[in-house]
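Any read-out appearing in this document is the output of simple, stated calculations on the displayed coordinates, not a laboratory observation. Note that the structure is predicted; figures quoted are calculated from it, not measured. As a convention, Cβ positions derive from the backbone with ideal geometry for all residues, glycine included, and neighbour counts pool all protein chains shown.
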Amino acid sequence: MRIEDPKLAAGFLELGVQLQHGASLCDLTSLGIGGTTDLLPDLLNLLDAQGIPHKFLGGGSNLLVEDDELPWVVLQLAAPRPDIVLEGNFAHVDAAADLGRTVTYCAKNDLGGMEGLIGVPGTVGGALRMNAGAYGMQIGTYVREVKLYRSAARKIETLRGDQISFEYRHTSFAPDDMMLSVKLELPSKPYPEILKGIRICNEKRRASQPLGQKSAGCIFKNPPGASAGRMIDELGLKSLSVGDARVNDRHANFFVNAGRASAKDMLALISDVRERVRKSFGVILEFEVVVWNA
Ligand code: EPU
């Protein structure tokens, strides 16, 4: 969607908002798939008053966006500097901060716990929203407070950690809540010890996941007690493709954009694989990837 009204564009400018016309979500998501729209930082009231639909974009690393012109404007927070402030065992982190940088910054200051998240692409806000985790840990464990914009109430609120439920790749946040910042409480650990843990996780990830390719991480959540990747692999579906959308041959729960895949290709591949798993294992795989379609 494009903001064409010059008066509205001037109104945004007055509020200090940067308006980008025709930004392509293809360049802003890790899958490298998606149509075009305008990008705006935080301007919700003005948008609501004008009846302009919007969506919130984090790091775009767990997102599959439909092709062509998109019917919304997309809001992305600009990170303040500094985006991480430490106070004893607490880290106050902006939602727009890069997750990997947050893990290493805290580590260098002898704050550990998040070693497993090294190598998970995206922002801290995105990690919070889905309770990102790996190698036996999840970010929710360390959350003490979250500041967020609640679209339903149209106001900024601060929730305590115990008011939020963090489950496997799922949280109690509403789909249209926008994460603003978080207060994490991290255990003290000497940097060399954290670094050792980080290296182990990095190695495991490098050995099992396609890191240099365009993907959205795992496409499906793991069903209780099983691995979606292993099930897809057992069906011999590695390298199955629709156009340039392909089941990865290193990890079968990663579907990569091997060239110029469209969202249509990727969605067709996803439903084909899902159907084959349902037929063979009687399991309906749940999406981990977030799909934006109109
Ligand atoms: N496996 C196969 N073939 C495959 C993939 C996996 O046989 O193509 C087997 C592995 O050999 C292993 C088992 O399945 O025995 C589990 O594999 P892995 O350790 O890679 O874990 P996963 O369950 O597939 C989960 C998360 C990953 C996370 C890793 C490490 C989900 C959906 N996936 O993968 O998270 O990095 O554990 O903790 O929860 C993500 O969420 O996007 C993601 C990549």
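Between ASN89 and ARG276, the modelled labels are 4.8 nm apart [label points 7 Å from Cα along Cα→Cβ]. Placing a pseudo-label 7 Å from each Cα along the Cα-to-Cβ vector at TYR191 and ALA268 gives an inter-label distance of 5.2 nm.
Annotation: amide H of VAL290 within the under-5 Å range of LEU63, LEU64, sequence separation 5 or more or interchain, hydrogens built in the peptide plane.
Each peptide among 220-231, 237-248 gets the average number of other Cβ atoms lying within 10 Å of its residues, and from highest to lowest they stand as 237-248, 220-231.
Taking amide H positions as modeled 1.01 Å from N, with prolines and chain starts lacking one, the residues under 5 Å from LEU75 and 5 or more places away or on another chain are LEU40, LYS55, PHE56, LEU57.
Calculated [222 nm] ellipticity per residue, helices only, for the chain: -8000 deg cm²/dmol; basis is -39500 (n - 2.57) per DSSP H run with n ≥ 4, divided by all residues, nearest 500. Here the gap between ASN293 and ALA78, fully extended at 0.36 nm per residue and compared with their Cα-Cα distance, gives a gain of 75.0 nm. For GLU4 and LEU44, FRET efficiency with R0 = 22 Å and r from the beta-carbon atoms, rounded to 0.05? Approximately 0.65, to the nearest 0.05. Note on ARG260 and VAL283: the model spin-label points, each 7 Å out from Cα along the C-beta direction, lie 3.7 nm apart. The amide H of ALA23, built 1.01 Å from its N in the peptide plane, has THR37, LEU39 as neighbours under 5 Å, considering only residues 5 or more places off or on other chains. Placing unit charges on each Cβ (+1 for Lys and Arg, -1 for Asp and Glu) gives segment 116-157 a dipole about its Cα centre, and among THR123, TYR142, ILE156 the Cα reaching farthest toward its positive end belongs to ILE156. A straight chain from GLU167 to GLU203 at 0.36 nm per residue would run longer than the Cα-Cα distance by 10.4 nm.
Residues of segment 209-230 with amide nitrogen under 13 Å from the 7 Å Cα-to-Cβ point of LEU237? Residues 219-223, 227-230 fall inside that zone.
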